[in-house]
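See below for the structure under consideration.
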Amino acid sequence: MTRLSVNVNKIAVLRNSRGGGDPDVVRAAMTCLRAGAHGITVHPRPDQRHIRADDVLMLSELTRQHDVEFNIEGNPFAPPRPGYPGLLPLCDQARPAQATLVPDGDGQLTSDHGFDFQRDGDRLLPLIAALKEYGCRVSLFVDAGNPHIARAAELGADRIELYTGPYAEAFAAGRADAAAVFAAAARRAQAAGLGVNAGHDLSQANLGHFLAEVPDVLEISIGHALIGEALYDGLETTVERYLGIIESGT
């Protein structure tokens, strides 16, 4: 069955907008786990706009105590700066179950494209090896149309994460073939021995169709839509509704 990892970045955005410790990121993560979420995802960025390094370490301890997966996303090429030690040093400290590498920059509001393996492969190779030395499963953020998806396996990655922003846009526009390119990408990855994760702009409205069309998705990470929906219906209820969609679609 597909596993749900809840991204709690948006909780930290709200906290940071006012300062102080409310809302509490760890408490929110505990609520998600209590509702049945299979794991917690964070994406700390060097500018500390939301999740910070101290959050990462506290959430690492929480997920370890509850024996659930912790997934840290980030750009492995981003240099350290005050308050942000760099993705690999942070993973060395937190020892997440999974590290998802994403080629985002400070100027991006959110992740909006995957890796170009032709350009970035040689740089990724030693970083993936280092993360695996820390005991992390490694996933690489990719565009579904990337013709070189199999290269992720050659670089030592265990999984890819399909960037599903274009799927969500196509689904909202009513395109019947919205998931076709993602299904094809998943099959190419699986043929190369890679597991398939997915994330970005997935919601209660579009998740069921995605899982019905794309084979054997191992994990979805959802943050923005889930937290937005939770403002109306509550965090536990919203997580439970996502789990219901997963159970009916896989």
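Tabulated data for the structure shown
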| quantity | calculated |
| --- | --- |
| Projected label distance in nm at residue 66 and residue 148, using a 7 Å step from Cα toward the beta-carbon | 3.9 nm |
| Residue 77 paired with residue 177, simple spin-label distance in nm, labels 7 Å along Cα-to-beta-carbon | 3.2 nm |
| Distance between modelled label sites at residue 231 and residue 216, nm, 7 Å Cα→Cβ extension | 3.9 nm |
| Lys, Arg +1 and Asp, Glu -1 on Cβ, resulting dipole of the chain about Cα centre, debye, nearest 20 | 260 debye |
| The range 3-249 - Kirkwood radius from inverse mean 1/r over Cα pairs (Å) | 18.0 Å |
| Whether the range 1-109 is rounded, prolate or oblate, judged on the alpha carbon gyration tensor where a/c under 1.5 counts as rounded | oblate |
| Extension gain (nm, one decimal) between residue 240 and residue 209, 0.36 nm per residue minus Cα-Cα | 9.4 nm |
| DSSP bridge orientation in the chain - percent antiparallel, rounded to nearest 5 | 5 percent |
| Charged-residue dipole, Cβ positions (Lys, Arg, Asp, Glu), the range 29-178 about Cα centre, Debye nearest 20 | 220 debye |
| Unit charges at the beta carbon, dipole of the chain: most positive-side option, 56, 140, 84 | 84 |
| Residue (of 5, 211, 180) at the positive-pole extreme of the range 3-249, dipole from beta-carbon charges | 5 |
| Calculated FRET efficiency for the pair residue 130/residue 48, C-beta based, R₀ 25 Å, to 0.05 | 0.60 |
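Read the figures in this text as sums done on the coordinates, not as results from a lab. For clarity, every value in this text was computed on a predicted model and none was experimentally measured. Here the Cβ is made from the backbone with ideal geometry for all residues, glycine too, and neighbour counts use every protein chain on show.
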